[in-house]
1. So if I check each of Val44, Val61, which one is open to solvent by less than 20 Å² (accessible area, probe 1.4 Å) and either within 27 Å of Cys113 (Cβ to Cβ) or under 16 Å from the mean Cα position of the chain (by Cα) (or both)?
2. If a residue has to be in contact with a Leu (Cβ under 8 Å, 6 or more places away or on another chain), closer than 29 Å to Thr109 by Cβ and among the hydrophobic types (A, V, I, L, M, F, W, C) to count, how many in the range 14-32 make the cut?
3. Out of all the residues in the range 92-107, which are over 13 Å from Ile5 (Cβ atoms), touching a residue at least 40 places away in the same chain (Cβ under 8 Å) and open to solvent by less than 30 Å² (accessible area, probe 1.4 Å)?
4. Checking Lys89 against (1) closer than 13 Å to Val17 by Cα; (2) open to solvent by 30 Å² or more (accessible area, probe 1.4 Å), only one condition comes out false. Which one?
5. Identify all residues within the range 56-90 that are assigned to a helix (DSSP H, G or I) and over 17 Å from Gln36 (Cα atoms); write none if there are none.
6. When you check Asn75 against the structure, is it at pLDDT below 95 and touching a Leu at 6+ places or on another chain (Cβ under 9 Å), yes or no?
7. Scanning the range 10-41 for residues that are in contact (Cβ under 8 Å) with a residue 24 or more places away in the chain and outside any helix (DSSP H, G or I), which turns out most open to solvent (accessible area, probe 1.4 Å)?
Amino acid sequence: MKENIAVEKSYCFALKVIKTHLYLVKAQNEFVLSKQFLRSGTSVGANLEEAAGAQTRADFVHKIHIALKEAREVNFWIRLLRDADLLTKQMSADLINDSLEIIRILTKTLITCKYYDNKSQITNHK
């Protein structure tokens with residue numbers, strides 16, 4: 001089976017999110033914001049797994065869009081937790097770097113899908 005870099009990176013990111021969530025709960029006694037962070041951070045990978053099993057191209061694109069939205073949302077929570085002094089600058093920087101890499105991959109995936117969809121429409125009209 002061909003390796004899916006976005007799925008692999010989002011899985012590793014989700015593990016970091018879980019460990020960070022546990023840190024926030026245990027060390028910082030923070031429960032509300034960390035739960036939102038946990039949900040959006042693990043949702044990225046879950047939606048990419050669903051995309052990998054999509055039944056149609058439209059379903060695939062839809063799941064990638066959802067994963068991208070979740071990746072953007074988790075950046076908000078990371079910045080908020082950092083600026084509230086609940087995460088160290090290094091912890092937040094590492095998480096943001098990982099999420100931005102996933103965002104770039106997903107954005108490129110959607111651009112590629114759109115390119116091939118447009119190319120297909122042009123070919124079908126000839």
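The values are calculated or read from the model by the stated rules, or taken from the named source; none is laboratory data. No experiment lies behind these values; they were computed from the predicted model shown. Cβ: placed from backbone, ideal geometry, glycine included. Neighbour counts: every protein chain shown. Remember, those area values only see protein heavy atoms, side chains included, never the ligands or the DNA or RNA. Shrake-Rupley method; radii C 1.70, N 1.55, O 1.52, S 1.80 Å.
1. Working: Val61 fails: open to solvent by less than 20 Å² (accessible area, probe 1.4 Å).
Of Val44, Val61, the one residue that is open to solvent by less than 20 Å² (accessible area, probe 1.4 Å) and either within 27 Å of Cys113 (Cβ to Cβ) or under 16 Å from the mean Cα position of the chain (by Cα) (or both) is Val44.
2. Total meeting the criteria: 2.
3. Leu95, Ser99
4. It fails just one condition, (1).
5. We begin by selecting, within the range 56-90, every residue assigned to a helix (DSSP H, G or I); these are 57-83, 89-90.
Hits for the range 56-90 are Arg57, Ala58, Asp59, Phe60, Val61, His62, Lys63, Ile64, His65, Lys89, Gln90.
6. Numbers: at pLDDT below 95: no; touching a Leu at 6+ places or on another chain (Cβ under 9 Å): yes.
No.
7. Gln28
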